[in-house]
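Asks: I'd like to ask some things about the structure below.
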Amino acid sequence: MDEERKIFCIPSISTLVIVITPLLLLPLPVYIPGKESLIVYISLLVSVYWASACLPLSVTGIIPVFLFPAAGILTNKEATSAFFFPGLWLFTGSIIFAIAVQSSNLHFRIALKMLLLIGTRPKRLLLGFMVTAFILSMFLANLAVVAMLMPIAEEVLNEMEKPTASEERLNLELNESKLLKINLTDKEDASPLMEDGNNQSEHAQNHANRMKRFRVALTLSVSYSSAVGGIGTIPGSAGNVAVVAMLKDLYPDSPEISYGQWFLYCTPCAAVTLILMYAWILWYHLGFSSKEEMDENFSARKMMMKKYDELGPITWDQLWILILFLTTVVFWFTRSPGFCTGWGDGVMDGYVADGTVVMATSFLLFLIPNQKPVVFDRPDKAKRRSVPLLTWKVFEAKFPWGILFVVGGCLTIAKAFESSNLPDILEEALSFLAWIPPWLTCLVAALFTTYVTECMSGIAALTLIFPVMKGVAKTTHIHPFYFSMPPAQACSLAFMLPVATVPTTLAYSYGHFTIKDMIKTGWLLNLVGVFVIMLGTHTYGGFIFNFDQYPLWAETLNASQAGEIYNLTLNNTL
């Protein structure tokens, strides 16, 4: 009779984190009873789950929905209302356009055209991929941009590894020389042939080494550039949408950050960071010297030209999607640019927002047919049913629903903070910051965010830093956005670990670079990015957000209190 085998189930690391974390944090609410300690307990629990990725980020985002009501901190209505944040429709409409662009292959056409225009020499190819990823990531999801550009980069790299026509001729001559070498008996006559063979071998080895470095540089630059490009616009990344929503939740009476304001504030910083990033990656991996510059590979250019020619002329659906998208961007910029009066300033406050604009234009995507309609059709021609530019089935399948739960979970935590005395406790605890230069506090907050984001979600990092920055702003009586906007940008500048961002994880999966390569390349880029952000904040940033003034709405927690303070100030003035 066979012995019964005992099966021992070894729990995974994720399971251990899920089980042990609540137990390790339990002494906090036990020894410090009260509403505030429960909020900190739940917030830390969610943050650890987000940082360790023991559960999907969207699943972790659901935890505050049931734990805060269960602990008596928020009502069910308060906890769930955070998921319908002000930037929801801006984010949704932007994703609708992104899905339409991807479904029509418009992004593929734009990417190939830009690469062909910039050039196919290695240094130009590197710049071309970086600029393309940067621009596309301002309007499409970072992950979608990397997923689209990496296959193109793979084909380009494979073509570049093939020997050129001159190298093939050199190989042929070398092989013929080796055949003649058999009939030669004089060593002096054979020595030049041996030297040619050694030179050819050395040339091939140098080319292989340069290609290896170029692979690392190109794949890193695609993921890095997509992250930097996402900083430029509000819908450029989910973190930006969360920033606008969290700031509005922390300061309900503050003016909404418009698309134009965000673009004018963040895009110059992102563009300068991209230029410095290109210079650093080029110098570190390839070198500025032209001695090791590889020749232009015409087969790679032919491959891209062939792919572009296969797309044919711009189609009806691509043209209409491009027209609608450009129309949306124009309306975004001109609604409330900040430096001048926009068309939205003539509308009653709160009635029209950027989300209103994009939802109106994206609605047309579901109405306009994807093929040019034929008014007078021949009777013998088969009738075909009209299909819109974007169908609901395609949208439903490709929409990243999970990110809504992540943003909603963050806003629920922020709402819980506001419902307690934690802001006052933070203000009292941070009173010493009044003696520290504000720029230093701002710098530390940005550095903290960018390095914490290396191992946890950027949205989760902002959830931790924003309440602290609110206390700092109230203590120092400095504009809250001065302390909030630099960390908001810095959370996209995590370049040292593959887990920092999803695009970096995808690029890492191709196996062309190691974590060591990322650390060596990314440590300086983290610092450079924060330096550029600080430079922008202390130069033109003040003109966009009026950092030199401490607004009245920064003192308020809700609309009723805002009215009381305003009336009190007005009466004292009169």
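Asks: Would you list Lys474, Lys302 from the most to the least accessible area, probe 1.4 Å? Please list the in-between numbers first.
Replies: Details: Lys474 60, Lys302 140 Å².
Sorted descending by solvent-accessible area, the residues read Lys302, Lys474.
Asks: Please list Glu36, Glu155, Glu428 from largest to smallest accessible area, probe radius 1.4 Å, with all protein chains kept in place.
Replies: Values: Glu36 45, Glu155 75, Glu428 140 Å².
Descending order: Glu428, Glu155, Glu36.
Asks: Of Val468, Val19, Val406, which has the most accessible area with a 1.4 Å probe, and how do the rest follow in descending order? Walk me through the intermediate numbers first.
Replies: Details: Val468 45, Val19 85, Val406 5 Å².
In descending accessible area the options line up as Val19, Val468, Val406.
Asks: Along the Cα→Cβ direction, 7 angstrom out, place labels at Ala53 and Asn421. What is the inter-label distance in nm?
Replies: 4.1
Asks: FRET efficiency for Ala70 and Thr539, Cβ-Cβ distance as r, R0 = 35 Å, nearest 0.05?
Replies: With R0 = 35 Å, the Cβ-Cβ based efficiency is 0.15.
Asks: In nm, to one decimal, how far is the Cys455 label point from the Val394 one, both placed 7 Å along Cα→Cβ?
Replies: Taking the two extended label points, one gets 4.3 nm.
Asks: As a test question: what accessible area, to the nearest 10 Å², does Asp253 have when a 1.4 Å probe is rolled over all protein chains in place?
Replies: 60
Asks: Suppose the chain between Gln371 and Tyr31 were pulled fully straight at 0.36 nm per residue; how much longer would it get relative to their current alpha carbon spacing?
Replies: Working: separation 340, 0.36 × 340 = 122.40 nm, distance 6.75 nm.
Result for the pair: 115.6 nm of gain on full extension.
Asks: Another question, then. So, by mean Cβ neighbours within 10 angstrom, what's the order for 88-98, 140-150 with the highest one leading? Don't jump to the answer; show the numbers that get you there.
Replies: Values: 88-98: 21.8, 140-150: 23.5.
In descending order of packing, they fall as 140-150, 88-98.
Asks: Continuing with the same structure: Label point 7 Å out from Trp401 along Cα-to-Cβ: which residues of region 50-65 have amide N under 19 Å?
Replies: Counting backbone N atoms under 19 Å from the label point, the list is 56-65.
Asks: Shape call for region 17-102 from the C-alpha gyration tensor, a ≥ b ≥ c root eigenvalues: rounded (a/c under 1.5), prolate (a/b greater than b/c) or oblate? Can you show the working numbers first?
Replies: On the way: a/c = 3.77, a/b = 1.79, b/c = 2.11.
Note, shape of region 17-102 comes out oblate.
Asks: Now for a different question. Please give the contour-minus-distance gain from Ser81 to Leu24: 0.36 nm per residue of separation, less the Cα-Cα distance, rounded to one decimal in nm.
Replies: Working: separation 57, 0.36 × 57 = 20.52 nm, distance 3.05 nm.
Full extension from Ser81 to Leu24 adds 17.5 nm.
Asks: Enumerate the calculated ³J(HN,Hα) couplings along region 54-64 in order (Karplus 6.51 cos²θ - 1.76 cosθ + 1.60, θ = phi - 60°), each rounded to whole Hz, writing x wherever the residue is Gly or Pro.
Replies: Calculated HN-Hα couplings, in order: 5, 10, x, 4, 5, 5, 4, x, 7, 3, x Hz.
Asks: Next up: With every protein chain left in place, what is the accessible area of Phe405 in Å² (1.4 Å probe, nearest 10)?
Replies: It works out to around 90 Å².
Asks: Then there is this: Taking the mean number of other Cβ atoms within 10 Å as a proxy for protection, how do you rank 239-248, 256-265, 108-117 from highest to lowest? Intermediate values should be presented prior to the final figure.
Replies: Details: 239-248: 24.7, 256-265: 22.1, 108-117: 17.7.
For the peptides 239-248, 256-265, 108-117, the packing ranking is 239-248, 256-265, 108-117.
Asks: Taking a probe of 1.4 angstrom, what is the accessible area of Leu23 in Å², to the nearest 10?
Replies: Rounded to the nearest 10, the figure is 110 Å².
Asks: What's the FRET efficiency of Val387 with Tyr510 using the Cβ-Cβ distance as r and R₀ = 30 Å, to the nearest 0.05?
Replies: Numbers: r = 35 Å, r/R0 = 1.16.
The calculated FRET efficiency here is 0.30.
The values are calculated or read from the model by the stated rules, or taken from the named source; none is laboratory data. Predicted model, so just to flag it, every value in this text is computed and none were measured. We place every Cβ from the backbone using ideal geometry, glycine too, and count neighbours over all the protein chains shown. Protein only, heavy atoms only, side chains kept; ligands, DNA and RNA dropped before computing areas. Shrake-Rupley method; radii C 1.70, N 1.55, O 1.52, S 1.80 Å.
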